[in-house]
1. Of all residues in the range 25-53, which are part of a strand (DSSP E or B) and in contact with a Lys or Arg (Cβ under 9 Å, 6 or more places away or on another chain)?
2. Can you find a residue in the range 176-186 that is farther than 30 Å from residue 465 by Cβ and in contact with a Leu (Cβ under 8 Å, 6 or more places away or on another chain)?
3. Could you list, ordered by first residue, the pairs with Cβ atoms under 8 Å in which the first is in the range 207-228 and at negative phi and the second is of a type in the set (Asp, Glu) and crowded, with 18+ Cβ neighbours inside 10 Å, at least 6 apart or interchain?
4. For residue 94, only one of the following conditions fails: (1) in a loop (DSSP other than H, G, I, E, B); (2) closer than 29 Å to residue 196 by Cβ; (3) of a type outside the set (Ser, Thr, Tyr). What is its number?
5. Looking at 285, 247 in this structure, which one is of a type in the set (Asp, Glu) and assigned by TED's automatic domain parsing to the domain that holds residue 41?
6. Among the numbered criteria (1) of a type in the set (Lys, Arg); (2) within 26 Å of residue 465 (Cα to Cα); (3) modelled with pLDDT of 95 or more, which one does residue 370 miss?
7. Counting only residues that are of a type in the set (Phe, Trp, Tyr), give me the strands (runs of 3 or more DSSP E) lying completely in the range 325-418 with at least 2 of them.
Amino acid sequence: MKENLRLPIEFLESLPTVNCQDVDVLLKDALNSLDKKIIVLDDDPTGVQTVHDISVFTDWSVESIEKGFKEKQPMFFILTNSRGFTAEETEKVHKKIAKNILSVSSKLNREFIIISRGDSTLRGHYPLETSVLKETIELGSEMTVDGEVILPFFKEGGRLTVNNIHYVQYGQELVPAGDTEFAKDRTFGYSKSDLGEWIEEKSHGEYKAKNTLYISIEQLRSLNVEKIVEQLVQVNHFNKVVVNAVDEVDVKIFTIALAQAMNQGKNFLFRSAAALPKVIGGVTDKALLTREELVEEETGNGGLIIIGSHVKKTTEQLEELKKLNEIEFIEFNSHLVLHPDQFQKECDRVIEMTESLIRSGRTVAVYTSRERLDLGENKKEEELKLSVAISDAVTSIVTRLQVRPNFLIAKGGITSSDVGTKGLKVKRATVAGQIRPGIPVWKLGNESKYPDMSYVIFPGNVGTKSDLKEVTQTLNNG
């Protein structure tokens, strides 16, 4: 079966090539013709890992959405953090967001595009989120959503789609996503790597692989844009469009065709990783951020690193970080969540130690127990609620901290979202850029606990084994 087809990284060299300069000229014209505000709903804060100088709002009130619409930039992000929600909460939030977007769009007479930014390893509330958005938009307006574009490509994280199979790069090998640890996620697991079959699996057969439109790399790189436009124009009934991509140029070519189809009156929703927002938002490349850009005020205090993600990559990066003698490590016994009184005492212990060490100039890394809670196969919702309780406790470290750390790194999507919204009280941040490929940094707003601080959002499943250590060394030592 092709599901189990692993590929050597050298396979990519056999794919057709294309003149990138020609593509950039065509893309610029396409984006100029697409006069719509782009709204990215991010299910955790890591979706800004390809952009810079873009606003992120942490609520979806009419007031915040209107501010986003009125900004000069063509795109803004709304952080939903829905990957940490139950299905019921996710549905409620997405209905509210869609209604508020329609309200602002009508008031300002401005059309919009919604991108549901999900995990590049296919986890999250799919197809629930985009289905709710479609239904709410169609009920509240005259718009018909013709199709949904599936584009999980994210080069910086080694997530590539070729021959309709989504791959995760491990060293010099491309492994089908369905064969990775991510597919075994207790809340968002799946078995299929072929994206058409994945759609059919996740939608419980409502949308069939055979009815999906597949845009191949060969088709994209032949630059036969007219043919792709022709295919997109024929999509209806919210059927799916799978886009193969192994390089940003593939996303650019698809976006050229997409803009032409949308200008002919077609409407699409998008379930994508971080590559599409950068391209369709016209965001330029930017060099990696330096320490001088990130630490503008030396406090003499230590820094703070909070590690919540449990994926294998995070644990490996933590073990590498432990090789640094200048960092103090505190293990937070998160399994005590099953015993509330002991759990509260553990929170108090960790916060007290963290406060004391940071004040003394020591950088502290707080990490949760590495073994996941396992309550059994039929208790996934209970596990999700307990994980939220753990995240709230970890967030309270920042909430209760009386000292301003010299820098702050949060590892893991839900962890970094909760630290940002609940711990740091961020309402609006600006994406400064990336400290490493795929590792974004927020510049915090004046309303936050630490105004103007650079906040490093380190995705759980991104980076080399040594990236967390090297990022920490950069910020800690200069």
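1. Kept after step one, since they are part of a strand (DSSP E or B), are these residues of the range 25-53: 37-42.
Selection gives 37, 40, 41, 42.
2. From the range 176-186, those farther than 30 Å from residue 465 by Cβ are none; that's our starting set.
No, that holds for no residue.
3. 207/200; 208/200; 209/194; 209/197; 209/200; 217/250; 220/250; 221/250
4. (1) is the only condition that residue 94 fails.
5. On the way: 285 fails: assigned by TED's automatic domain parsing to the domain that holds residue 41.
Selected residue: 247, the only one of 285, 247 that is of a type in the set (Asp, Glu) and assigned by TED's automatic domain parsing to the domain that holds residue 41.
6. (3) is the only condition that residue 370 fails.
7. Values: elements: 327-332, 363-368, 408-411.
In the range 325-418, 327-332 are the strands (runs of 3 or more DSSP E) which contain 2 or more residues that are of a type in the set (Phe, Trp, Tyr).
The rows are residues; the columns are (1) in contact (Cβ under 8 Å) with a residue 24 or more places away in the chain; (2) within 14 Å of the chain's Cα centre (by Cα).
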position	(1), (2)
118	yes, yes
125	yes, yes
138	no, no
142	no, no
146	yes, no
151	yes, yes
169	yes, no
184	no, no
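The values are calculated or read from the model by the stated rules, or taken from the named source; none is laboratory data. All values derive from a computational prediction rather than experimental measurement. Using ideal geometry, Cβ is built from the backbone for each residue, glycine included, and neighbour counts are taken over all protein chains shown.
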